[in-house]
1. Let me see the pair-distance distribution of segment 5-51: every alpha carbon pair, 10 Å bin width, integer percents in order.
2. Rounding to the nearest 20 debye, state how big the charge dipole of the chain is about its Cα centre with +1 on each Lys and Arg Cβ and -1 on each Asp and Glu Cβ.
3. With runs of 4+ DSSP H residues as the only contributors, calculate the mean residue ellipticity of the chain at 222 nm using -39,500 (n - 2.57) per run, divided by the residue total and rounded to the nearest 500.
4. Size of segment 24-65 along its principal axes in angstrom, Cα-based, largest extent first?
5. Mind giving me the FRET efficiency for T43 and S15? R0 is 25 Å, r the Cβ-Cβ distance, nearest 0.05 is fine.
6. Let me know the Kirkwood hydrodynamic radius for the chain, please, with Cα pairs as the basis and the value in Å to one decimal.
7. Among all stretches of the chain without exposed GluC sites (Glu not before Pro) (DSSP loop, at most 10 other Cβ atoms within 10 Å), which one is longest?
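What follows draws every value from the coordinates through simple rules; no lab data is involved. Computed from a prediction, not measured in an experiment: that's the story for all the values here. All Cβ positions, glycine included, derive from the backbone under ideal geometry; neighbour counts span all protein chains shown.
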Amino acid sequence: MSLMVIAGTEGYTESADSLIARYERVSFAEKYESVFHLMPEKTSDVLDIGAGTEADAAWFAAAGLGCSPLSQRIAFEILRKRFTHRR
């Protein structure tokens, strides 16, 4: 079975380890500085779409927010099925 490669993601598999390490070295506040003011102040539930390594989901949980991480693969599959059935 061959996997479909989404345009713009070529080479990701081969570079995944180094990309993940680089991503996780950046703090949550740095990554989301421009939208940090939008983060909920009180207990809320968050859906982390494209959760990847789940580092952001861990930050949400540590901040007292409920978080449901959804991997990119599952998100793409949901979207593919949704748009395939519309035709």
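1. Pair shares across the bins are 19, 39, 30, 12, 0.
2. The dipole magnitude comes to about 560 debye.
3. After summing the helix terms and dividing by the residues of the chain, the value is -13500 deg cm²/dmol.
4. Sorted from largest, the Cα extents of segment 24-65 read 27, 19, 17 Å.
5. According to the calculation, E is roughly 0.10.
6. With all distinct Cα pairs of the chain included, I get 15.1 Å.
7. 42-87
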